[in-house]
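The values are calculated or read from the model by the stated rules, or taken from the named source; none is laboratory data. Predicted model, so just to flag it, every value in this text is computed and none were measured. In this analysis, Cβ positions are derived from the backbone assuming ideal geometry, glycine residues included, and neighbour counts consider all displayed protein chains. In case anyone asks, the SASA skips ligands and DNA or RNA and just uses the protein heavy atoms, side chains included. Shrake-Rupley method; radii C 1.70, N 1.55, O 1.52, S 1.80 Å.
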Amino acid sequence: MGVNLGDVVPKREVEMEDLFGRVIAVDAYNTLYQFLSIIRGPGGRPLEDSEGRVTSHLSGILYRNVNVLENGVRPVYVFDGEPPSLKAGTVEARRERRREAREELEEAREAGDEERAYVKATQSASLDEWVLESSADLLSLMGVPEVQAPGEGEAQAARIVQNGDAWAVGSQDFDSLLFGADRLLRNLTVSGRRKLPGRNEYVEVRPEVVSLDAVVEANGLDREELVDVAILCGTDYNEGVRGVGPRTAVKVVRETGLETYLEVEGLEVEGLDAVREAFLSPDVTDDYVVEWGEPDRDALLEFLCGRHGFSEDRVLKALDRLELDDGDKNQSRLGVFY
DNA sequence: CGATTAGA
DNA sequence: TCTAATCGG
């Protein structure tokens with residue numbers, strides 16, 4: 001979920017080819033959650049192997065990374081550690097929401113309502129131990145590095161960018177900008193269109209870059225003020241003010257300032273200073289290693305086909321795309337845009 | 001989501 | 001050859 005900054009954030013659409021040579025600090029939680037909620041079969045059931053283990057995320061990781069690596073983009077997956085205590089309410093609320101969704105999923109299945117079942121299955125997706133472990137295993141076999149964050153993955157990913165070890169954070173959420181990432185890359189995808197959950201509507205989806213400088217520039221706010229904007233709208237750490245969206249929040253912070261506004265309106269933000277600090281000085285580490293390796297073809301075949309029932313033909317075809325390339329598309333692509 | 005297949 | 005539907009595990 002994260003923060004609603006979409007409306008006040010300038011975006012620059014790019015092609016995957018434009019990202020050649022870039023390192024992307026991928027928010028693993030965000031990415032896995034999307035794979036898990038979206039990659040579904042009939043009745044909203046996730047893909048699974050013959051033992052009943054969910055494999056939707058493995059499919060997503062494999063093909064996404066093949067596309068990314070094939071284009072000379074180097075991903076590093078950043079996994080969440082312990083959520084800050086400020087987030088406890090949000091974590092609990094999400095748990096409850098998933099629990100409800102699972103109940104409603106059962107009801108929908110019993111009623112034979114496939115469409116509702118699909119929606120509820122999506123809402124009940126959760127990252128359990130199996131998903132995290134098998135994801136780490138697959139990434140490792142693909143030669144894709146992983147970083148374990150002490151706290152929020154997005155904060156750690158932002159730090160990796162700040163340190164110059166990655167070019168952008170890869171996530172759908174905007175939080176990494178609040179954590180100080182210089183750039184955010186959304187829609188790390190090669191395929192054009194995506195189907196909207198509602199009905200038969202399709203939207204063109206291309207990768208898009210959001211730079212923190214551009215956000216700051218466009219709104220006449222610095223990062224600290226941007227954090228105040230988010231706090232007004234609501235974040236994972238606080239509820240936000242009813243009826244205030246990003247647009248008015250920017251206006252309020254620029255013209256009045258968050259504290260004065262709260263005072264005048266007789267409002268209060270629970271633990272305001274702590275929330276600010278959670279964004280401005282998050283729990284991150286510089287003790288990480290980012291190193292890419294060669295995909296282990298045999299081990300990948302054993303893992304995906306032998307153990308989890310993937311089609312050998314398809315996996316081989318995917319792995320072949322990782323071998324012979326950079327024949328035509330090599331250097332001199334860096335720096336075509338900022 | 002991304003790949004594959006069906007169909008215009 | 002291109003796009004819409006539907007597999008995949």
Set A:Thr256, A:Thr235: member being among the hydroxyl-bearing types (Ser, Thr, Tyr) and surrounded by fewer than 19 Cβ atoms within 10 Å (Cβ to Cβ): A:Thr256
Residue satisfying all of: in segment A:145-169; in a strand (DSSP E or B) and among the aliphatic types (A, V, I, L, M); nearest to A:Gly72 (Cα to Cα) among these: A:Ala168
In segment A:155-192, the residues that are under 22 Å from A:Asp222 (Cβ atoms), open to solvent by 20 Å² or more (accessible area, probe 1.4 Å) and away from DNA strand B (no atom under 16 Å from the Cβ): A:Arg159, A:Gln162, A:Asn163, A:Gly164, A:Asp182, A:Arg183
Pair list, Cβ under 8 Å, 6 or more apart: segment A:22-51 residue aromatic (Phe, Trp, Tyr), other residue away from DNA strand B (no atom under 11 Å from the Cβ) and part of a loop (DSSP other than H, G, I, E, B): A:Tyr29/A:Asp80; A:Tyr29/A:Leu127; A:Tyr33/A:Ala125; A:Tyr33/A:Leu127
Unique residue being surrounded by fewer than 17 Cβ atoms within 10 Å (Cβ to Cβ) and under 21 Å from the mean Cα position of the chain (by Cα) when the list is A:Glu96, A:Glu107, A:Glu133: A:Glu133
Any hit, segment A:123-142, residues being assigned to a loop (DSSP other than H, G, I, E, B), in contact with a strand residue (DSSP E or B) (Cβ under 6 Å, 6 or more places away or on another chain), at pLDDT 95 or above and closer than 24 Å to A:Ile39 by Cβ: no
Top-ranked residue in segment A:21-72 [being near DNA strand C (Cβ under 10 Å from one of its atoms) and among the polar types (S, T, N, Q); ranked as farthest from A:Gln123 (Cα to Cα)]: A:Ser50
Among the residues listed as A:Asp7, A:Asp49, the single one being farther than 26 Å from A:Arg314 by Cα and either outside the structural domain of A:Asp236 (by TED's automatic domain parsing) or of a type outside the set (Ser, Thr, Tyr) (or both): A:Asp7
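Yes/no matrix, rows are residues, columns are (1) open to solvent by 50 Å² or more (accessible area, probe 1.4 Å); (2) modelled with pLDDT of 95 or more; (3) in a loop (DSSP other than H, G, I, E, B):
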position: A:Gly6; (1), (2), (3): no, no, no
position: A:Gly21; (1), (2), (3): no, yes, yes
position: A:Val26; (1), (2), (3): no, yes, no
position: A:Ser50; (1), (2), (3): yes, yes, yes
Positions within segment A:262-306 being more than 23 Å from A:Gly234 (Cα to Cα) and small (Gly, Ala, Ser), in sequence order: A:Gly293, A:Ala299, A:Gly306
One residue from A:Val23, A:Val9, A:Val78 being away from DNA strand B (no atom under 16 Å from the Cβ), within 23 Å of A:Ser211 (Cα to Cα) and within 14 Å of the chain's Cα centre (by Cα): A:Val78
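Yes/no matrix, rows are residues, columns are (1) aromatic (Phe, Trp, Tyr); (2) touching a Lys or Arg at 6+ places or on another chain (Cβ under 8 Å); (3) farther than 25 Å from A:Pro84 by Cα:
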residue: A:Thr235; (1), (2), (3): no, no, no
residue: A:Val253; (1), (2), (3): no, no, yes
residue: A:Tyr261; (1), (2), (3): yes, no, yes
residue: A:Gly266; (1), (2), (3): no, no, yes
residue: A:Leu272; (1), (2), (3): no, no, no
residue: A:Phe279; (1), (2), (3): yes, no, no
Residue in segment A:140-154 that is under 30 Å from A:Asp320 (Cα atoms) and among the β-branched types (Val, Ile, Thr) present: yes
Residue in segment A:61-72 that is open to solvent by 50 Å² or more (accessible area, probe 1.4 Å), within 11 Å of DNA strand B (Cβ to nearest atom) and touching a residue at least 12 places away in the same chain (Cβ under 8 Å) present: yes
In segment A:52-83, the residues that are closer than 23 Å to A:Ala117 by Cβ, in a helix (DSSP H, G or I) and not hydrophobic (A, V, I, L, M, F, W, C): A:Ser56, A:His57, A:Ser59, A:Gly60
Among (1) part of a loop (DSSP other than H, G, I, E, B); (2) within 16 Å of DNA strand B (Cβ to nearest atom); (3) open to solvent by less than 40 Å² (accessible area, probe 1.4 Å) - the single one A:Gly309 does not satisfy: (3)
